Every structure is written in structure tokens, then in C-alpha cells.
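Asker: Below: one structure in C-alpha cells.
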Amino acid sequence: MIPGDGVGVEVTHEVVRILDALEHELHLGLSLEQFDFGAERFLKTGVGLPPGQLEVMRSDFDAILVGAVGDPRVPDNAHAREILLGLRFGLDLYINFRPCCPLADRLSPLKNKGTQEIDLTIFRENTEGIYGAIGGSFKKGTPDEVAIAEEIHTRKGVERIIRAAFQWASANGKERVALGDKSNAIGAHELWLRTFREVAAEYPAIEARHYYIDALALQMVTHPETFQVIVTTNLFGDILTDLGAALSGGLGVAPSANLNPESTPLYEPVHGSAPDLAGKGLANPVAMVLSAALMLENLGQAEAARRVREAVRQTVAEGQCTRDLGGKLSTREVGDAILERLHRAPQ
């Protein structure tokens, strides 16, 4: 576990309480080890992710839980990039898995669109695209400045994320997979469309739909029920997943998983460290708790994951939540409410 910075420490604390309670009751075999990677350590040592840490994570751990990283004392957030991008790229976590569904109808910002209409999962490619940092600036700071950023898409990278989306859809009873690209304007995206059609042919029971990304974003807002599974590029996925979070009730309820079946997965809420809220008990721990539920499920503890999700759903439905969801509870009190429902659940 990496609590990180700001409110990351607070939401991680609630998850530890919940996981400890589940371990005590269900004997899951969980062993938690915390690492102090974050701004405090970076400011003292200049190191975000210590040398050799990737190998330790890869060989000694089954999962990584991260709270949130980011601190104004590190203006360029160098430590956050070193930790998060270092883990994502270093562990080759090519699947960014983002479920999007409101916990209650009232959380949806769309009129007459709630839990029945909004239930989709986005597979964002997580290691290529525009975030490869290929490019730079020429004559920086002058009137003649030129800035160049290049995308990179490999057949291997594109095929494995598309295949992951279809495999998950098939295993979870989904009937539709949609691709979002911009192949009508970006030549490199033709690789995405061609690969999507080739992989889709292997899954004749699943309807494969292709959208240009702007049309897909529009459709997500006007007819979210159209979608069950979406697969897209790193940049477009970065945008669509936040749109999906907004449809679900905000970043405070949005979990995520960074996956590779051959590596150590990383789970994190998608919100930031919100240093201005740190220490005030205002942070919503739900996204972190649901990220932990994703972890439990992927570790083979489906019943424990189900109980956590149901406890969260009940607290939100009853208004026992933080202010961003219309409640009045503090971070700690939300953790208490979730724990109370876990204890109430049938043994």
C-alpha cells in the first residue's frame, strides 16, 4: 500500500480498516505492507520510487493499492510521475480498467438516466500513445517556438488492449464492445480500426461497433445505455474515463485498476491528492474503497468484493456519505458506516 500525499493518506486509512475487518471475519489471507513513497520522502531524498523497487513489487507482491500522489511543494509533481508512471510503465500495466455506473440514480447528472442506463466499462490503453513523451520544443520561449509531441502505437500494444476488452466482455456476459478512435483524421489510428475488426471476428457473439471519438463522447452523454464495453487509446481513454466518472457521480466514486495478467496489478482511485482538503475530513473514501473491491475480486475474493460494494451502495443510498454526494459525514464517518454494514451482512 502506498498512501501517497494529501487526502490519499486519509482514504487509505479507511481502506485499511475495512480490509482488516474483512480479514478478521473471513480469513482472506491478506497481508498489508505500507510504503512511504510520496512528497515527504521525495523532499528529503529526491527519490520518488527507489532503485530496485519495481523488481520487489513484481516478485514479492500480489497487488498494489495507491491512495493519491501530488503535492504543491513539488511544483512539477516529479515524484508523482516517478511513482505512478514508473509503476504503470515499469510493470507494463497496459490495461486501465474503469467501471462507470452510478451507485444511486440521484448521482447521475443526466435526466432520466440512472443505474439502469449507465453501466459501462472502459478499457483505456495505458502504456503507449501520446504519453510516450516523444517530442520536445525548439526555440523555446521565442516567437518562433515549435513544440512537437508524437504518438506511438504498436501492433502488440493495440491488439492486446482490444483483445482484453473482448475477453472481459465475453467472460462477463456483455453483448457489445465499442472502439473509439480518430481514424478519419489520424492515420496511425487506422491500425486501431483494422486490429479491432480482426479481433472482433474471433467473437461473433459480441456486437462490435466503431465510433469516431467525438461521436462516442456525444453518445455517452445522450444515450449512455448504448455502451457496455469501450476500448480506446491512452489519450482518448484519459478523457472518456473522466466523463464516465462524471456520469457515475464524480471522481469521489470512481475506482480504477491498472492490469496485466503477467504482472503485479495496481489499484487506485482516480481523484487527486487535493492538498487543500487534506486533514479536514472532507475527502470521499468511496473511490478508494471500490478500488480495493476491484483488488479483492481480482485476487479471487469475489464474495468479499461483493460485500464491500453492497455496503458502499447502502451507505450512499441512505445518504450516509460525504458532502460531494449530498451527505454530511466526514471521511472517517463514512468508513464507520461502511464497516457497520459489513458487520450487519449475513455471515
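The values are calculated or read from the model by the stated rules, or taken from the named source; none is laboratory data. A quick note: this is a predicted structure, and the numbers were derived from the prediction, not measured. FYI the Cβ positions are ideal-geometry reconstructions off the backbone, even for glycines, and counts take in every protein chain you see.
Matching residues to (1) closer than 18 Å to residue 254 by Cα; (2) of a type in the set (D, E, K, R); (3) free of Cβ contacts under 8 Å to residues at least 24 places away in the same chain; (4) in contact with a Phe, Trp or Tyr (Cβ under 7 Å, 6 or more places away or on another chain):
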position	(1), (2), (3), (4)
9	yes, no, no, no
31	no, no, yes, no
74	no, no, no, yes
102	yes, no, no, no
106	yes, yes, no, no
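Asker: Could you tell me which residue of segment 33-70 is farthest from residue 338 (Cα to Cα), considering only residues that are touching a residue at least 40 places away in the same chain (Cβ under 8 Å) and β-branched (Val, Ile, Thr)?
Answerer: 69
Asker: Considering only residues that are loosely packed, with under 11 Cβ neighbours inside 10 Å and of a type in the set (Lys, Arg), which ones fall in segment 118-144?
Answerer: Across segment 118-144, the qualifying residues are 139, 140.
Asker: Further question on the same structure: Has segment 229-238 got at least one residue that is in contact with a Cys (Cβ under 7 Å, 6 or more places away or on another chain) and closer than 30 Å to residue 61 by Cβ? Steps first, please.
Answerer: Taking segment 229-238 as the starting set, the residues that turn out to be in contact with a Cys (Cβ under 7 Å, 6 or more places away or on another chain) are none.
No: zero hits.
Asker: Is it the case that some residue within segment 304-326 is outside any loop (DSSP other than H, G, I, E, B), within 17 Å of residue 63 (Cα to Cα), in the same structural domain as residue 65 (by TED's automatic domain parsing) and modelled with pLDDT of 95 or more? Break it down stepwise before answering.
Answerer: Restricting attention to segment 304-326, the residues satisfying the condition of being outside any loop (DSSP other than H, G, I, E, B) are 304-317, 323-325.
Among the residues that remain, those that are also within 17 Å of residue 63 (Cα to Cα) are: 304-305.
If we keep only those that are in the same structural domain as residue 65 (by TED's automatic domain parsing) too, we end up with 304-305.
This time we only want the ones that are modelled with pLDDT of 95 or more, so: 304-305.
Looking through segment 304-326, at least one residue is outside any loop (DSSP other than H, G, I, E, B), within 17 Å of residue 63 (Cα to Cα), in the same structural domain as residue 65 (by TED's automatic domain parsing) and modelled with pLDDT of 95 or more.
Asker: Another question, if that's okay. Name the residue, out of 98, 41, 58, that is charged (D, E, K, R), surrounded by fewer than 22 Cβ atoms within 10 Å (Cβ to Cβ) and within 30 Å of residue 172 (Cβ to Cβ). Talk me through it step by step, then tell me what you get.
Answerer: Details: 98 fails: surrounded by fewer than 22 Cβ atoms within 10 Å (Cβ to Cβ); 41 fails: within 30 Å of residue 172 (Cβ to Cβ).
Residue meeting the stated conditions: 58.
Asker: From the residues in segment 230-279 that are hydrophobic (A, V, I, L, M, F, W, C) and part of a loop (DSSP other than H, G, I, E, B), which one is nearest to residue 156 (Cα to Cα)? Even if it seems obvious, please write down each step before you answer.
Answerer: The initial filter retains those residues of segment 230-279 that are hydrophobic (A, V, I, L, M, F, W, C), namely 230-231, 235-236, 239-240, 243, 245-247, 251, 253-254, 257, 259, 266, 270, 274, 277-278.
Now restrict to residues that are part of a loop (DSSP other than H, G, I, E, B): 254, 270, 274, 277-278.
Numbers: 254: 29, 270: 26, 274: 36, 277: 42, 278: 41 Å.
Step by step, filter segment 230-279, then rank; the result is 270.
So that you can scan it fast, the table gives a plain yes or no per residue for (1) basic (Lys, Arg); (2) buried (at least 19 other Cβ atoms within 10 Å of the Cβ); (3) not in a helix (DSSP H, G or I):
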residue: 170; (1), (2), (3): no, no, no
residue: 177; (1), (2), (3): no, yes, yes
residue: 189; (1), (2), (3): no, yes, no
residue: 195; (1), (2), (3): no, yes, no
residue: 199; (1), (2), (3): no, yes, no
residue: 209; (1), (2), (3): yes, no, yes
residue: 215; (1), (2), (3): no, no, no
residue: 221; (1), (2), (3): no, no, no
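Asker: Okay, moving on. Can you say whether residue 234 is outside the structural domain of residue 269 (by TED's automatic domain parsing) and over 18 Å from the mean Cα position of the chain (by Cα), as far as the supplied structure shows?
Answerer: Working: outside the structural domain of residue 269 (by TED's automatic domain parsing): yes; over 18 Å from the mean Cα position of the chain (by Cα): no.
No: the conditions fail for residue 234.
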